[in-house]
Amino acid sequence: MEYPRDFCEHLSSDDFGGYREESNRDGYLESMGKYVFIFGLLAVGAVLPLAPSAFGQAQSTISCPAGHGYWDVLSVMMLDPGLASSYHMEGTIKGVTSSYVYTLWDPEQSKVFYVKNPQGNPWDINLYDSNYIYQWITELGKFNGVNHWNDPTSCRKFNNGSQNGMSDRSMRWAARCAVPGGANSAFWNGPPSIQPNNTNYYTYVGQVQEPSAQNLNYSLLEIKPPGTIEITDHRAVPPKPFSITTLPLQYTYSCTVAGNVNSCKSREVFEYGTDTDVNPVDKVKHTYGWVRWRFFINTTGGKADTAAVWVLANTTTTDQLEPGKINLNFQCF
């Protein structure tokens with residue numbers, strides 16, 4: 001979703017209008033009347049039993065070593081493909097849709113697309129290999145006073161600056177196999193002088209790359225112990241609420257001192273969902289991907305010698321499983 005993602009220390013003050021839920025309200029609520037998707041699958045689900053094979057299930061993406069408690073992290077980060085072919089996650093505010101997350105998985109190109117609206121514009125695009133998931137593309141909000149939130153030709157791209165075939169796989173996001181809060185769950189990414197993994201990124205406006213790269217200085221990625229959240233499955237009539245397990249990824253950035261969280265200015269927590277047991281509607285275990293996001297500010301401003309004080313500034317929840325699919329519209333470069 002639209003990140004302040006560092007972008008705090010590099011952008012002018014009007015860029016702080018790009019926080020996620022402000023983007024959601026501006027981008028979604030203005031166009032709510034234009035994009036209403038009603039699919040026959042919902043009606044079918046109302047009168048027929050839900051066969052597990054009809055809606056897919058949690059899908060393994062890698063074989064993790066047994067006996068260590070590893071999670072297949074990429075699997076949990078996606079709405080499982082059987083559901084994603086016809087469904088997506090939504091958030092609501094007072095009964096009105098305020099946010100969308102459509103998930104598109106392209107295993108041939110090792111990409112996962114998180115799409116933010118029915119027009120098909122991505123929030124983010126992640127890459128992956130056998131070791132890591134990488135943050136690659138994120139949307140562009142306000143830049144030089146112009147809001148590009150609905151502009152598919154503008155974005156930010158993480159790239160380590162080495163200009164080789166692997167340079168896009170530089171902003172490590174999570175290990176493919178990790179124990180939440182344990183093995184493989186945490187690492188730092190450094191500034192551009194550190195290779196091959198760093199926080200260097202480029203800004204594209206109207207498909208044109210801006211001349212100067214920027215970076216987030218140091219960033220810390222941590223997969224935290226599991227939590228819970230309630231979601232609602234709209235395949236059932238009436239819709240069925242139930243609790244699922246969440247895998248939180250905590251992203252702390254704009255840090256001036258390696259290994260010192262007190263020196264960091266911003267933090268985002270992404271929560272990805274999976275059935276704790278099975279979905280009560282179709283009795284199949286699903287993954288739901290990105291279901292909640294929270295943004296925190298360190299009120300000390302990142303003073304390295306002062307204990308960080310993290311204050312919640314924004315949150316977005318996409319906890320409604322709804323019918324609807326999109327065609328991707330990514331034209332940034």
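Annotation for GLN195 and ASN260: the two label points, set 7 Å from Cα along the Cα-Cβ direction, are 2.8 nm apart.
Convex hull volume per residue, computed on the Cα atoms of the stretch 143-205, equals 143 Å³.
What you get for the stretch 13-323, charging only the Cβ of Lys and Arg (+1) and of Asp and Glu (-1), is a dipole of about 280 debye around the Cα centre. Considering the zone a paramagnetic label at ALA186 would reach in this model (a point 7 Å from Cα along the Cα-to-Cβ line), which residues of the stretch 256-275 have amide N under 20 Å from it? Within reach of a label on ALA186: 256-272.
Listed by chain and number, the lysines placed with their C-alpha closer than 16 angstrom to that of LYS240 are LYS283, LYS285; residues fewer than eight positions away on the same chain are left out. Solvent-free Debye calculation, one equal scatterer per alpha-carbon of the stretch 180-233: log10 I(q)/I(0) at 0.17, 0.26 Å⁻¹ equals -0.72, -0.98.
Once a ≥ b ≥ c are taken as the square roots of the eigenvalues of the Cα gyration tensor of the stretch 66-214, is the result rounded (a/c under 1.5), prolate (a/b larger than b/c) or oblate (a/b not larger than b/c)? Note, shape of the stretch 66-214 comes out oblate.
Structure shown: which of LYS94/LYS224; LYS94/LYS157; LYS94/LYS303; LYS94/LYS265; LYS224/LYS265; LYS116/LYS157 lie over 28 Å apart, alpha-carbon to alpha-carbon? Table pairs above 28 Å Cα-Cα are LYS94/LYS224; LYS94/LYS157; LYS94/LYS303; LYS94/LYS265.
Values quoted throughout were computed directly from the atomic coordinates according to the rules given, and no laboratory measurement underlies them. Remember, predicted model here, so these are calculated numbers, not experimental data. With ideal geometry, Cβ positions are generated from the backbone for all residues, glycine too; neighbour counts draw on all protein chains shown.
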